[in-house]
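Heads up: the structure comes next, in structure tokens.
Taken together, the values in this text are just the output of simple stated rules run on the coordinates, not laboratory data. Because the structure is a prediction, the values reported are computed rather than measured. For neighbour counting, all protein chains shown are included, and Cβ atoms are generated from backbone atoms with ideal geometry for every residue, glycine included.
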Amino acid sequence: MKRRDFFYCVASLLGLAFAGQVKSREASLGSAASISNRLYGAAVRGDLLQQDGAYRRCVLANCSSITPELALKWAALQPQPDQFDFSEMDYLMRFAKANGMAVYGHTLLWHESIPAWALEPMATKKDWGIIQRYMETVLGRLAGSIRYWDVVNEPIDTVDGVDGLRNSPFLAAFGPDYIPNALRTARMLAPAARLMINEFGVEYDLAVEDDRRSRLLKLLETLRKGGVPIDGLGLQAHLELAKGQVSQQKLKPFLDAVADLGLEIYVTELDVREGNYAQAPDRRDRDVADAVSRYLDIVMPYSNLRGITTWGICDRYSWLQITPEDLAKYGDIWKDGSGPGLNRGLPFDASMQPKPFSNALLQAFSDSRVKYGRD
Ligand code: XIL
């Protein structure tokens with residue numbers, strides 16, 4: 001037994017202990033979301049759930065859903081052609097089950113998570129069998145317990161792509177049909193699942209986002225008209241304060257068109273990259289929360305919105321880290337050695353205390369009950 005397997009095996013024996021740790025969910029984001037029949041979730045990591053009790057308690061107290069941040073990516077699941085590793089995923093499934101949480105399936109095909117060994121045979125032999133076997137194994141094991149699946153992640157690239165589709169190893173090997181083929185394969189293997197395409201960068205009034213919105217819409221329309229199984233669109237929603245304000249004028253017509261196609265939407269990766277680290281922390285938190293509120297005001301009225309997941313739950317473990325290049329822009333204002341701390345773009349801070357972002361979510365979930373009622 002590998003060390004990692006042993007680690008998750010011991011963790012599973014402690015599984016029952018999780019149940020006892022569920023705190024009252026009265027003021028939790030998950031229970032607020034459930035008022036309008038929606039889920040609140042966070043992207044999580046199995047190792048952190050094991051190692052950091054405060055993090056685990058924060059997830060337990062707030063999430064009615066979890067998304068594996070890393071564990072359900074192809075390179076993690078199939079490190080070698082003949083070797084699958086479900087250890088972290090199995091752990092997360094047990095954790096979710098013990099605590100009555102849903103699991104969001106992220107992701108089947110993503111150009112950034114292809115195992116190295118698969119690149120060459122895909123490129124030269126154009127062998128769909130590789131994808132078929134991977135999907136059979138993953139969906140064979142998990143389709144019964146995971147409802148939502150990001151079947152294709154980030155397929156659009158209107159800058160360097162081919163006819164607006166990302167020039168990924170999938171496109172290079174199989175042409176644009178890889179998208180309908182992946183969706184059909186997923187439907188066969190997971191007939192009850194909701195099959196999603198997940199994409200980023202559709203929130204702002206920027207030329208590149210105009211292009212992305214229209215290419216994405218064209219893709220969704222083509223799939224629907226062609227009878228390809230597709231149930232919804234995942235909106236990553238990585239907000240960035242440097243891009244200005246989220247544009248209701250641009251986002252709303254786009255979401256209307258998605259709804260007109262009969263598709264669900266799911267906010268899959270909400271977080272905020274800050275624009276000015278030099279301000280006081282409370283001002284920074286307010287700016288982040290304002291952006292979140294503005295975004296939620298636009299998406300919450302859609303009755304086809306099924307849930308909101310933040311990409312992480314607390315700043316301590318966010319994938320958004322302040323880089324030396326970011327700091328260089330501020331000259332030597334932190335020459336006393338203090339520094340701006342972490343990017344503050346998630347609902348809870350580094351000590352798992354709720355920030356205005358968390359209140360913005362709570363508020364938006366409870367307002368949506370009053371304004372829009374149950375779906
Ligand atoms: C990111 C993880 O957060 C990082 O830890 C990892 O190194 C790379 O992937 N869009 C996605 C997610 O769809 O899967 C990415 O997650 C973030 C961007």
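Observations on the model:
- Gyration tensor verdict on region 103-204 (Cα atoms; rounded if a/c is under 1.5, prolate if a/b is larger than b/c, oblate otherwise): oblate
- What the phi angles of region 339-346 give under the Karplus curve with 6.51, -1.76 and 1.60, with θ = phi - 60°, is a coupling list of x, x, x, 9, 4, 10, x, 10 Hz, glycine and proline written as x.
- Rg followed by Dmax, in Å, when the chain is reduced to its Cα trace: 20.5, 62
- If you take the Cα centroid of region 101-120 and the Cα centroid of region 307-328, the two points sit 21 Å apart.
- When DSSP beta bridges are restricted to pairs lying wholly in region 233-337, around 0% turn out antiparallel.
- Given R0 = 30 Å, the distance between the Cβ atoms of L206 and D260 translates into a calculated FRET efficiency of 0.80.
- With a simple spin-label model that places each label point 7 Å from the Cα along the Cα-to-Cβ direction, the separation between D282 and A172 comes to 5.3 nm.
- Theoretical gain in end-to-end length, V162 to N37 [0.36 nm per residue, Cα-Cα removed]: 41.1 nm
- Mean projected area of the Cα convex hull of region 134-277, taken over all directions, amounts to 9.4 nm².
- Using 0.36 nm per residue and subtracting the Cα-Cα separation, the extra length available between W334 and Q363 on full extension is 6.9 nm.
- Amide H within-cut-off set for V44, under 5 Å, with H built and near neighbours excluded: T67, E69
- Full extension of the chain between R133 and D326 gives 65.3 nm of extra length, using 0.36 nm per residue less the Cα-Cα distance.
- The helix-based estimate of mean residue ellipticity at 222 nm for the chain, built from -39,500 (n - 2.57) per DSSP H run of four or more residues and divided by its residue count, is -14000 deg cm²/dmol to the nearest 500.
- By the count of other C-beta atoms within 10 Å, a proxy for reagent exposure, C58, C63 are ordered fewest to most as C58, C63.
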